[in-house]
Amino acid sequence: MPRRQWMPLLLPLFLGAVLGSGCAPQLIATQRVVEAPGAARVEVRKIKKDLIDLLVTNTSPQPLTINRDGFYLEGPTGALARIPSRGRHVYFLPPGITRVVRMKFDRGALPHGVQVQLAMPQAILIEGQPVAMPPLPLSTY
């Protein structure tokens, strides 16, 4: 195929790559589930634009408290707190129950192509004490 015929096909791809480079990065879960045995399980349900939906399951015999303000994204540029919303930020979860927890983050503050993690050191509590949840690994692209 002559060179002139290839140019119209490649031009949209080239422009998309150049123009798209200024857009906010997308987040993807590199691991979908983390767990603190006998306490809680956190699973990525969906990531869409700035929203991260998690499924949090209480695997303990006691009620669990979820504090959305205790979640943050941690990356090479530091910690990024969630964007507050109108909904409640604290939920109570009886034993054996799963709940969707939705959070919004400004992904425009994150660089492209880096590893980040959803840290939750103060997000899940049992009897007022934080559960030692491992961070959930994510990456940007």
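Cross-link reach is defined here as a Cα-Cα straight distance under 16 Å, omitting same-chain residues fewer than 8 places apart; for LYS48 the aspartates and glutamates meeting it are ASP106. Considering all different alpha carbon pairs of the stretch 41-127, the Kirkwood hydrodynamic radius works out to 13.6 Å. In this rough spin-label picture, where each label sits 7 Å from Cα along the Cβ direction, the ARG32-ASP50 distance is 2.7 nm.
Taking the Cβ-Cβ separation of THR77 and ILE97 as r and a Förster radius of 41 Å, what is the calculated FRET efficiency to the nearest 0.05? Step by step, r from the Cβ atoms, then E = 0.70. Cβ-Cβ distance of CYS23 and GLU43, R₀ of 35 Å, FRET efficiency by 1/(1 + (r/R0)^6): the value works out to about 0.80. The GluC sites (Glu not before Pro) of the stretch 35-141 that DSSP puts in a loop, and whose beta carbon has at most 16 other beta carbons within 10 Å, are GLU127.
Here, each number is a calculation from the coordinates, and none is a lab measurement. These figures come from a predicted structure and were not determined experimentally. Positions of Cβ are backbone-derived with ideal geometry, glycine not excepted, and every protein chain shown enters the neighbour counts.
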